Amino acid sequence: MASQKCSSVLIPTITNTVNLSLGSGTFHPILKESTISPLLKKSTSCQTIGQSLISKIIERIVKVRLTDRLSSNNLLNPHQSAYCKHHSTETALLYIRDHLINAIGSQKLSCLCLLDLSTAFDTIDHGILIIRLSSWFGIHGCVLNWFKSYLSSRTYRVKCDNYFSSSYAYVCGVPQGSVLGPLLFIMYTLLSVPLFHLFRQITICMLTTHNFSCLSAQLTLTHLLLIFKMLCNTFSWMTANLLTLNSSKTEFLLIGLQQQLTKIHNCSLNTTDSARYLGFIFDSHLTFSDQISLKSCYYHIRELRCIRPYLDFKTASTIATSIVHSVTLSRPPTSSLRIINRSFRTSSLESTSCLIPPALHKTPC
């Protein structure tokens with residue numbers, strides 16, 4: 001490729017540019033210019049932000065060094081899932097699920113509160129961020145000057161077809177679409193609410209999840225006051241740090257056994273029966289019945305039937321078993337047996353005993 005043929009010329013030049021930026025503590029103004037391209041997606045205005053290749057290379061080097069420093073000094077939140085190595089939405093969901101299941105097994109009632117943070121990247125105050133980089137993370141001198149230069153005097157313009165708007169200045173926020181933006185946002189909100197287990201996943205918006213277990217099956221006045229105080233502290237901290245909570249998307253869910261939930265009387269909290277977090281639906285009894293639908297299972301069985309001639313017996317039975325188990329964990333026996341019967345015909349198993357869970361062996365058809 002052409003880039004490989006020119007590597008002997010490009011690598012020394014790029015290396016010198018990166019060293020000059022980091023050594024002088026400055027980020028060149030040309031590298032601070034961004035181009036926003038509006039896109040239409042699901043009737044919602046979205047945007048893609050273009051930055052120069054040199055800018056991304058410098059940011060990636062800074063991110064690697066900064067992440068190593070944070071990790072070696074244990075400065076990252078252990079419950080942070082977004083934008084962390086070996087972590088994802090899956091690890092966040094598994095942590096919450098395991099926590100809730102353990103609480104139910106211990107005869108405890110859990111409270112799950114989902115808070116939506118609007119335009120998270122766009123409202124970060126540069127002054128507050130610089131102060132926290134210095135006081136919280138020990139960044140000083142030339143390195144701190146580089147971050148000041150990186151955040152200040154940034155401009156952007158909008159591109160539509162082949163037309164460009166005038167340039168406008170960023171007065172707050174971290175650059176979206178940048179390499180450093182997510183890490184700076186994590187550092188900005190790292191010590192937000194130490195009483196909570198904190199999970200973050202940023203897609204279009206910022207989602208924060210808090211969950212904690214009450215001491216008994218009944219929500220006493222003390223528990224309600226504790227929940228209310230924690231939520232008030234969260235709202236106060238967000239407001240003081242110029243972050244905007246979307247109250248219309250805030251959801252509160254009580255999770256526990258049926259016997260525990262029936263003991264709750266005159267609860268002043270506005271709770272819901274189910275709540276969606278990172279594409280996963282949690283319900284009050286943790287049955288996941290809202291997440292798994294019979295229609296979806298039948299669809300997957302039909303898809304399995306289409307590819308069955310190309311699968312061996314072991315692969316087909318594994319897929320069929322996974323479909324059956326996903327339903328039997330959340331559906332009544334009658335519905336589960338219908339799925340088992342159809343999966344059996346699709347996978348052409350000799351016996352359905354390997355598909356039927358122990359709880360359904362004695363259930364009549």
For this session: Give the residues of the range 53-89 that are small (Gly, Ala, Ser) and not in a helix (DSSP H, G or I), sorted by residue number.
Result: Ser81, Ala82, Ser88
Exercise. What is the one condition in (1) open to solvent by 30 Å² or more (accessible area, probe 1.4 Å); (2) closer than 19 Å to Arg60 by Cα that Leu133 does not satisfy?
Worked result: (1)
Exercise. Out of curiosity, is Ile301 modelled with pLDDT of 80 or more and under 29 Å from Thr189 (Cβ atoms)?
Worked result: no
For this session: Could you tell me which numbered condition Ala275 fails, if it satisfies all but one of (1) within 27 Å of the chain's Cα centre (by Cα); (2) at pLDDT below 80?
Result: (2)
For this session: Go through the range 30-52 and give me each residue that's at pLDDT 85 or above, open to solvent by 30 Å² or more (accessible area, probe 1.4 Å) and outside any strand (DSSP E or B).
Result: Ile30
Exercise. For the range 104-126, which residues satisfy the criterion of being open to solvent by less than 40 Å² (accessible area, probe 1.4 Å), over 16 Å from the mean Cα position of the chain (by Cα) and either polar (S, T, N, Q) or at pLDDT 80 or above (or both)?
Worked result: Ile104, Ser110, Thr123, Ile124, His126
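The values are calculated or read from the model by the stated rules, or taken from the named source; none is laboratory data. Keep in mind the model is a prediction, meaning the values are calculated, not measured. Reconstructed Cβ throughout: ideal geometry from the backbone, glycine too, with neighbour counts over all protein chains shown. Areas reflect the complete protein model, heavy atoms only, side chains present, ligands, DNA and RNA absent. Shrake-Rupley method; radii C 1.70, N 1.55, O 1.52, S 1.80 Å.
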